[in-house]
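The values are calculated or read from the model by the stated rules, or taken from the named source; none is laboratory data. In this text the structure is predicted, and so the values were computed from the model without any measurement. Cβ coordinates were reconstructed from backbone atoms using ideal geometry, including for glycine residues, and neighbour counts include every protein chain displayed. To get the accessible areas, we keep the full protein, side chains included, count just its heavy atoms, and leave off ligands, DNA and RNA. Shrake-Rupley method; radii C 1.70, N 1.55, O 1.52, S 1.80 Å.
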Amino acid sequence: MLSPFAPTDLRRTILRMAYHGSTVHIACAFSLVEILAVLYRNHLKLGIGPNDTERDYLILSKGHGVMAQYACLREIGWLSEDQVRTYYSDGTELKGLSDASVPGLEVNSGSLGHGLAVGAGLALGALRRGTSQKVYVVVGDGECNEGSIWETLLFAAHFQLTNMLVIVDANGYQAMGRTAEILNTDSLEEKFAAFGFEACTVDGHDEVLMHQAITELVHSSFPGPRAIIARTIKGKGVSFMEGSNLWHYSRLTEQTYQAALTELDNAAP
């Protein structure tokens, strides 16, 4: 029996979408794969479907990585194979950025910094209603350049949003280069802690460590919000994409598509 949310399968789906849709943002979706796989497989309480008002929320504030979330939604049956096959084509529901019109996507997050604020609002609402819902928000390290991120962290700590977990996909790059060179946001764990979060740093591609960190923080008695700095590799899984910011905006050719698929096939267990 195939493992649900197997990272190699998710990356294959992302490649297929990107190739047939002739679209970009492959590498920044690849760095998210294990993070989202662990959340969907082990932690999110999804209820009876996307319209269940008591389910947990996953906010992809880093909306340009949405192909990774589409791949997960396909796994749970919230997206059909036909929807995935026609990604980014004329008349499609599936766009290149997170769009709340798609069931299971909570926010329009093409403009960076906004998704975290929406997540904080959902978390505060759940606390005030007395539900057991959790809100998981995935942001990028480049996204942490945005002032709205830090305003929201202050808000989350002030209102003691114990039901909110922020995960930073810290792949070291943003659209135009290395985050350390454009606006250095190093020491993110210390920064989150200074803003009133319980925070830790883990390898974002190690599913066991990610699962352990999420479990420990979700069940922590800390009287406030929590955060994980997930150290990742942009383009993880395909050698010629790993650590190459060219694949933020590059499109696949037939040659590169087949080469990437071959690597994934050879790496599969």
Across all Cα atoms of segment 1-140, Rg and the largest Cα-Cα distance (Dmax), in Å, are 14.4, 45
Inter-part distance where segment 89-148 and segment 41-55 are each reduced to a Cα centre, Å
15
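Compute the projected area of the convex hull of the Cα atoms of segment 211-269, averaged over all viewing directions, and report it in nm² to one decimal place.
Details: hull surface 24.5 nm².
For segment 211-269, averaging the hull's shadow over all directions gives 6.1 nm².
Taking the mean number of other Cβ atoms within 10 Å as a proxy for protection, how do you rank 66-77, 96-107, 45-56, 169-180 from highest to lowest?
66-77, 169-180, 96-107, 45-56
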For Lys234, list long-range residues whose amide hydrogen, built 1.01 Å from N in the peptide plane, is under 5 Å from its own amide hydrogen.
Gly243
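Measuring with a 1.4 Å probe in the full set of protein chains, what accessible area per residue, in whole Å², belongs to the chain?
Details: 11450 Å² over 269 residues.
Solvent-accessible surface per residue comes out at 43 Å².
With an 8 Å Cα cut-off and a minimum separation of 6 or more residues, compute the relative contact order for the chain in percent. Could the numbers behind the result be given before it?
Details: 522 pairs, mean separation 61.5, N = 269.
23 percent.
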Skipping prolines and chain starts, which residues have an amide H placed within reach, meaning under 5 Å, of the one on Gly140, given they are 5 or more residues away or on another chain?
Lys62, Asp169
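What are the membrane-span-like helices in the chain by this rule: whole DSSP H runs, Cα extent along the axis at least 15 Å, mean Kyte-Doolittle hydropathy at least -1.0? Before the final figure, lay out the partial values.
Working: long enough: 7-21 (21 Å, -0.61); 114-129 (23 Å, 0.80); 147-158 (17 Å, 0.75); 207-218 (16 Å, 0.82); 254-267 (20 Å, -0.76).
Span-like helices in the chain: 7-21, 114-129, 147-158, 207-218, 254-267.
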Residues whose modelled amide H sits under 5 Å from the amide H of Leu252, counting only those 5 or more places away in sequence or on another chain, are Thr23
How large, in percent, is the carbon and sulfur part of the accessible surface of segment 58-138 at a probe radius of 1.4 Å?
48
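According to the Kirkwood expression over distinct Cα-Cα pairs, how big is the hydrodynamic radius of segment 108-181, in Å?
Values: mean 1/r = 0.0775 Å⁻¹.
Result for segment 108-181 stands at 12.9 Å.
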Estimated vicinal HN-Hα couplings, Hz - segment 197-205 in sequence order (Karplus 6.51, -1.76, 1.60; Gly, Pro = x):
9, 7, 9, 8, 10, 9, 6, x, 9
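With only Lys, Arg, Asp and Glu charged, each at its Cβ (+1 for the first two, -1 for the last two), find how big the charge dipole of the chain is about the Cα centre; round to the nearest 20 debye.
300
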Just how much of Ser111 is accessible, in Å², when a 1.4 Å probe is used and the result is rounded to the nearest 10?
70
Is the shape of segment 149-221 best called rounded, prolate or oblate, per the rule: a/c under 1.5 gives rounded, else a/b larger than b/c gives prolate, else oblate, with a ≥ b ≥ c the square roots of the Cα gyration tensor eigenvalues?
oblate
For semi-axes √(5λ) of the Cα gyration tensor in Å, one of (i) 41, 22, 16; (ii) 37, 21, 18; (iii) 28, 21, 17 was computed from the structure I shared and the rest are decoys. Which label?
(iii)
Could you calculate the FRET efficiency of Asp265 with Thr23 from 1/(1 + (r/R0)^6), where r is the beta carbon distance between them and R0 is 25 Å, rounded to 0.05?
0.65
